[in-house]
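Trainee: Starting off with a structure, shown below.
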Amino acid sequence: MSRVTCRDAMGRAIRRALLEDDRVFLMGEDVGRYGGCFGVSKGLYDEFGPERIRDTPLSESAFVGAGIGAAIAGMRPIVEIMTCNFSLLALDQILNNAATLRHMSGGQIGVPLVIRMTTGGGRQLAAQHSHSLEGWYAHIPGLTVLTPATVEDFAGMLGPALADPDPVLIFEHGGLYNVDAELPDEDPAVDINKAAVRRAGQDISLLTYGGSLPKCMAAADELAASGIEAEVIDLRVLRPLDDEAIVTTVSRTHRAVVVDEGWRSGGIGAEISARIMEQAFWELDAPVARVATAEVPLPYPKHLEDAALPSVPAIVGAAKELLGRG
Amino acid sequence: MADRTAFAMPSLGADMVAGTVLAWHVQPGDRVQPGDLVALVDTDKSEIEIETFDAGIVSELVVPEGMQVPVGTVIAYFDPVGTGSPRDDRSAVPDAEAEPTRPAILPDQADQADQADAAGPADPAGEPARVPHHEPRVVSPLVRRLAEEAHLDPERLEGTGPGKQVRRADIEARGATRGATRVSPRARRLARLAGLDPTAVVGTGPAGTVTGVDVLAHNRPGPGQAPVGTTTPAPATTQPAEPGVARAPGGTGRRDGTADDRSRRATAILMERSWREIPHYHLATRLDVSTMVRWLADTNETRPIGERILAAAVLLRATALAAARHPRLNGWWIDGAFRPANQVDLGTVVARRGGGLLAPTITDAASRDLGEVMHTLHDLVQRVRRGRLRGGDLTPASITVTNLGELGVDEVHGVIHPPQVALVGFGAVHEEAWADGGMVAARPVLHVSLAGDHRVSDGLAGAAFLTDLAELLEHPEQL
Amino acid sequence: MNPTCDLILRLLADLAPEIDPAAVDVELPLRDQVDLDSMDTLTLMEAVAEHTGVEVPERDYPLVGSVAALARYTDARRAG
């Protein structure tokens, strides 16, 4: 047991994967000598060398494509894209190749590739480095989309992701890298098919994932001080969504707020809201509420960025409004 | 009379010569707008909803449901809107029945029409209409829609606009006090299952929305029951408890305690001996059982009815495990010495129908899993109630559990069944104020007590037992 | 009387032979009239499920406090 940050938990998971399976290698911009733009792969280059920790040119399309090729050829690549904003340069590779090849080849060709990327705002990196695009990728059949939000999940999601015979995208919220918690020395067993109840409650459900989880936990504390017991669901996997967990919590609390750092229109929050309507309409005591990012390119100035992103007061306010306690 | 609009059976196809009114969608007194569906008509080819192209207030349904009439026959009359009450018009046309193509109205329908008219506009016959101008009042489409949504008639409102015209603010002002009741989807579903009109329920949600909990509260029998989901969800009786017994014999006409004197006498002898011989000590503690309550609700939600678990079984299972860890509480005092039992034979107390108590035993309860304990308990209760106990059911118990929760009792200070040396008592699960981390919250709370034989154990051992029991109950999923 | 009410009264009498079904007011809360604990309630719900196919979940117990309410509930669920 030791105190570990999300950054180190992911680094440890990559190291463990490299040690356990020599088909695994890490590839991306500055992942080698520099140790990763966010420091996740620090030390790995020295330990495993340039064959397995590969620095790439600044061409997302090229190195994601190379990862797809390597995966088809039997390797188990981990490709790091600095932020999901730049993943759009590789969107053709991800959507038209990685996600579709199993289908197009009649099951003959699989792409066992893991792509890691940072997502999310809140660090004054402005509009080209701060967006949350995991909801877009969750739209694509053929992909699994993971969003770790706890140290345990940062440590434990990579293993099962690499074991998946199809492409898995891991969206790591940049604001979580410095969050720390106690972590056992052995690998935590993480089920990447299920959402997790992070806090139990019976009055209202806060459905969230990734960087918004700490905000929802703080909001739940604040609500508890007003006598409202919120249940916090960490969705953990955005594709495929854990419908059962969503229906279960809504059936218990009868009210739901979906908290999502993507933009509101067409976001994953809209999808979750629709599923609640489809599968748990008759359990609802109030319309589903959404707390999402304002529909603007994320601003650089701190006060404007804070105003654009989901906030604890906004979550508390939405919850209280559904309960008529606004 | 001249203003009255005749509504005739329309031609719904070149070859249609007659139609049958299957059902009226309007009643006398109803307002109709162009485009409103007025009746369902059978043309011999198909059933067709027919609509009106005129506005007005339905004054008469001339053709009763089920009657076939030729195309062109007047089947209803509409009065114009805003020119006085329909009653006035009716009295002005005493010769209406003389119209040639008009079939005779059925007497009971005429009565209905009269009643509807009488209950409709407030103006008594002969008095000037409330609306000062005789031309139809101008009501904007927006106001008309808002009025409909709020179940208001804009023709009968005093407006604040020019010429007392009704404006949006007038509707909104009235709507705020009279507005349509909002009922949540869940409340609608629950109300349908309960056969209730959800709009008759007092809503406590935002803007008075009727929510699920309001329907449940409306339907809940009597006051004093704890909120849903926090108590054993059974219609428990609330008669006074007898000390030392788990469940008083009850039911209408058999509450006088005389139903089974022999059984009563046996209990009396046993309890007298216990109180005389055993130096009791009593310990009690309060447990926050939110986890157990939620776990039970979740577990039972997903199980078929035959596999549901009752709280009683969870308590028995936890007690059995705790007793196995504390041998000084599990055994017998015989001939001046303690004899520990080598397994937990758990005594339960079950009331017989018709009076009296039996204390059947779940043998070796610590080695049965929760499902098995529930199953055994279920069978045991059935056998007691049907008076068909088996020999094995009366194995001498090594420790007994009494559960007064069903009676609504909070806490039990029990009397040990000799020669046993301990008795565990459970009260009802009630919501109580629970302080935790500097905050007070309402939590489902269970009072647990232990009666111990001071010749065999002491408060220290008893406290350790209760601590273990509490811990077991905090993790029902592991039981 | 509603046939489902009849059925429930028969099941009740089978469960608790001392009950006179004729003396039970089907509209009044059952708990005020007969002595049923949680095990009896479960047994009654099992019998209702066996005869009608309708399993009453625990969270709906507050809706079915009287014989008539239970019958309405059962009928509503059977009707879909």
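Trainee: Could you calculate the FRET efficiency of C:Arg78 with A:Gln279 from 1/(1 + (r/R0)^6), where r is the beta carbon distance between them and R0 is 22 Å, rounded to 0.05? Show your work: numbers first, answer last.
Mentor: Numbers: r = 22 Å, r/R0 = 1.02.
After rounding, the FRET efficiency stands at 0.45.
Trainee: Give me the one-decimal nm value for the distance between modelled label points at C:Glu27 and A:Ser105, 7 Å along each residue's Cα-to-Cβ direction.
Mentor: 7.3 nm
Trainee: Also, quick follow-up: Please calculate the 1.4 Å probe accessible area of B:Arg317, with all protein chains present, and give it to the nearest 10 Å².
Mentor: Its accessible surface works out to 30 Å², give or take rounding.
Trainee: Then there's this: Tell me the accessible surface of B:Glu272 in square angstrom (1.4 angstrom probe, heavy atoms of protein chains only), to the nearest ten.
Mentor: Roll a 1.4 Å probe over it and B:Glu272 shows about 120 Å².
Trainee: I've got another one for you. So for A:Tyr45, A:Tyr209, what's the accessible-area order with a 1.4 Å probe, most first? Please report the intermediate quantities before stating the final value.
Mentor: Numbers: A:Tyr45 45, A:Tyr209 10 Å².
Descending order: A:Tyr45, A:Tyr209.
Trainee: Ranked from the most accessible area to the least, with a 1.4 Å probe and all protein chains present, what is the order of B:Leu321, B:Leu61? Before the final figure, lay out the partial values.
Mentor: Working: B:Leu321 35, B:Leu61 10 Å².
Result, largest first: B:Leu321, B:Leu61.
Trainee: Any idea how far the Cα center of region A:178-241 sits from the one of region C:1-20, in Å?
Mentor: 48 Å
Trainee: If you don't mind, another one. Would you be so kind as to identify which of A:Ala219, A:Leu88, A:Gly11 lies farthest towards the positive end of the dipole of chain A, taking Lys and Arg as +1 and Asp and Glu as -1 on Cβ and the Cα centre as origin?
Mentor: Towards the positive end, the residue furthest out is A:Leu88.
Trainee: Here is a further query. What's the center-to-center distance, using Cα atoms, between region A:91-115 and region A:116-133 in Å?
Mentor: Taking the Cα centre of each part, region A:91-115 and region A:116-133 sit 26 Å apart.
Trainee: Right, here's the next one. Once you've got the GNM for chain A with C-alpha springs shorter than 10 Å, pick whichever of A:Gly74, A:Gly120, A:Gly110 has the biggest mean-square fluctuation.
Mentor: Residue with maximal mean-square fluctuation among A:Gly74, A:Gly120, A:Gly110: A:Gly74.
Trainee: Looking only at chain A, where both bridge partners belong to it, what percent of the DSSP beta bridges are antiparallel (to the nearest 5)? Write out the running numbers ahead of the final one.
Mentor: Working: 9 of 43 bridges.
DSSP beta bridges in chain A are roughly 20 percent antiparallel.
Trainee: Continuing with this model, one more query. Sort region B:261-478 into rounded, prolate or oblate with this rule: let a ≥ b ≥ c be the square roots of the eigenvalues of the Cα gyration tensor; rounded if a/c is under 1.5, and if a/c is not under 1.5, prolate when a/b is larger than b/c, oblate otherwise.
Mentor: On the way: a/c = 1.60, a/b = 1.20, b/c = 1.34.
Oblate.
Trainee: Quick one: Karplus J couplings for region A:263-276, per residue in order, coefficients 6.51, -1.76, 1.60, θ = phi - 60°, nearest Hz, x for Gly and Pro?
Mentor: With the stated coefficients, region A:263-276 comes to 5, 5, 5, x, x, 5, x, 5, 5, 5, 4, 5, 5, 4 Hz.
Trainee: Relative contact order for region A:87-156 using alpha-carbon pairs under 8 Å, separation at least 6, rounded to a whole percent? Mind showing how you got there, number by number?
Mentor: Values: 40 pairs, mean separation 15.9, N = 70.
The value is 23 percent.
Trainee: Most fluctuating residue of A:Val296, A:Val179, A:Val40 in a GNM of chain A with Cα springs under 10 Å: which is it?
Mentor: A:Val296
Trainee: Using +1 on the beta carbon of Lys and Arg, -1 on that of Asp and Glu, and nothing else charged, what's the dipole of region A:2-183 about the Cα centre, debye to 20? Walk me through the numbers before you get to the answer.
Mentor: Numbers: 14 positive and 21 negative charges, 13 e Å.
Magnitude of the dipole: close to 60 debye.
Trainee: On to the next question. Could you pull out the GluC sites (Glu not before Pro) across region A:23-124 that fall in loop regions by DSSP (anything but H, G, I, E, B) with no more than 16 other Cβ atoms inside 10 Å? Walk me through the numbers on the way to the answer.
Mentor: Working: sites: A:Glu29, A:Glu47, A:Glu51, A:Glu60, A:Glu80; in loops: A:Glu29, A:Glu51.
Counting only loop positions with at most 16 other Cβ atoms within 10 Å, the GluC sites (Glu not before Pro) in region A:23-124 are A:Glu51.
Trainee: Over chain C, what is the mean sequence separation of C-alpha contacts under 8 Å (at least six apart), divided by residue count, expressed as relative contact order in percent? If you can, show how the numbers build up before the last one.
Mentor: On the way: 64 pairs, mean separation 30.4, N = 80.
The value is 38 percent.
Trainee: Moving to a separate point now. Under the rule of at least 5 residues apart or a separate chain, name every residue whose amide H is placed under 5 Å from the amide H of A:Met82.
Mentor: Answer set, sorted by chain and number: A:Glu29.
Trainee: Treating the beta-carbon of each Lys and Arg as +1 and of each Asp and Glu as -1, no other charges, what is the dipole magnitude of chain A about its Cα centre, to the nearest 20 debye?
Mentor: Using Cβ point charges on Lys, Arg, Asp and Glu, chain A gives about 340 debye.
Trainee: Sequence gap at least 6, Cα distance under 8 Å: using those rules, report the relative contact order of region A:196-322 to the nearest whole percent.
Mentor: On the way: 232 pairs, mean separation 34.9, N = 127.
Relative contact order of region A:196-322: 27 percent.
Trainee: Taking amide H positions as placed 1.01 Å from N in the peptide plane, with prolines and chain starts having none, which residues 5 or more places from A:Phe25, or on another chain, fall under 5 Å of its amide H?
Mentor: A:Arg76, A:Ile78
Trainee: To the nearest 20 Debye, how big is the dipole of region A:196-322 about its Cα centre, given +1 on the beta carbon of each Lys and Arg and -1 on that of each Asp and Glu? Mind showing how you got there, number by number?
Mentor: Numbers: 12 positive and 19 negative charges, 33 e Å.
Result for region A:196-322 is approximately 160 debye, rounded to the nearest 20.
Trainee: I would also like to ask the following. Taking the DSSP beta bridges in region A:2-183 as the whole, what percent of them are antiparallel, to the nearest 5?
Mentor: Working: 4 of 26 bridges.
Among the beta bridges of region A:2-183, antiparallel pairing accounts for roughly 15 percent.
Trainee: Any chance you could look up the accessible area of B:Phe338 with a 1.4 Å probe, heavy atoms only, rounded to 10 Å²?
Mentor: Number for this one is 40 Å².
Trainee: Same structure, new question: With just the Cα atoms defining each centre, how far is region B:184-216 from region C:34-80? Give it in Å.
Mentor: First find each Cα centre; the distance between them is then 20 Å.
Trainee: Scan around A:His131 for amide H atoms under 5 Å from its own, H built in the peptide plane at 1.01 Å from N, and keep only partners 5 or more places away or cross-chain.
Mentor: Long-range HN contacts for A:His131: A:Asn85, A:Gly120.
Trainee: Continuing with this model, one more query. Given region A:196-322, what percent of its DSSP beta bridges are antiparallel, to the nearest 5? Could you put the intermediate results ahead of the total?
Mentor: Details: 3 of 15 bridges.
The antiparallel proportion sits near 20 percent.
Trainee: Continuing with the same structure: Applying 1/(1 + (r/R0)^6) with R0 = 30 Å to the Cβ-Cβ distance of C:Arg10 and B:Glu372, what FRET efficiency is obtained, to the nearest 0.05? Could the numbers behind the result be given before it?
Mentor: Working: r = 31 Å, r/R0 = 1.03.
For R0 = 30 Å, the calculated efficiency reads 0.45.
Trainee: Same structure, new question: Sticking with the crude label model, points 7 Å out along Cα→Cβ, report the distance from B:Asp54 to B:His280 in nm, one decimal please.
Mentor: Placing both labels 7 Å beyond Cα along the Cβ direction yields 8.7 nm.
Trainee: Something else about it: Divide by every residue of chain A the summed helix terms, -39500 (n - 2.57) for each DSSP H run of at least 4, and state the resulting mean residue ellipticity at 222 nm, rounded to the nearest 500 deg cm²/dmol. Don't skip to the end; give the middle numbers.
Mentor: Numbers: 13 runs with 112 residues, N = 326.
About -9500 deg cm²/dmol.
Trainee: Same structure again: Largest first, what is the accessible-area ranking of B:Val440, C:Val26 with a 1.4 Å probe?
Mentor: B:Val440, C:Val26
The values are calculated or read from the model by the stated rules, or taken from the named source; none is laboratory data. All values derive from a computational prediction rather than experimental measurement. With ideal geometry, Cβ positions are generated from the backbone for all residues, glycine too; neighbour counts draw on all protein chains shown. When the accessible area is computed, the model is the full protein with side chains, heavy atoms only, and any ligands, DNA or RNA have been set aside. Shrake-Rupley method; radii C 1.70, N 1.55, O 1.52, S 1.80 Å.
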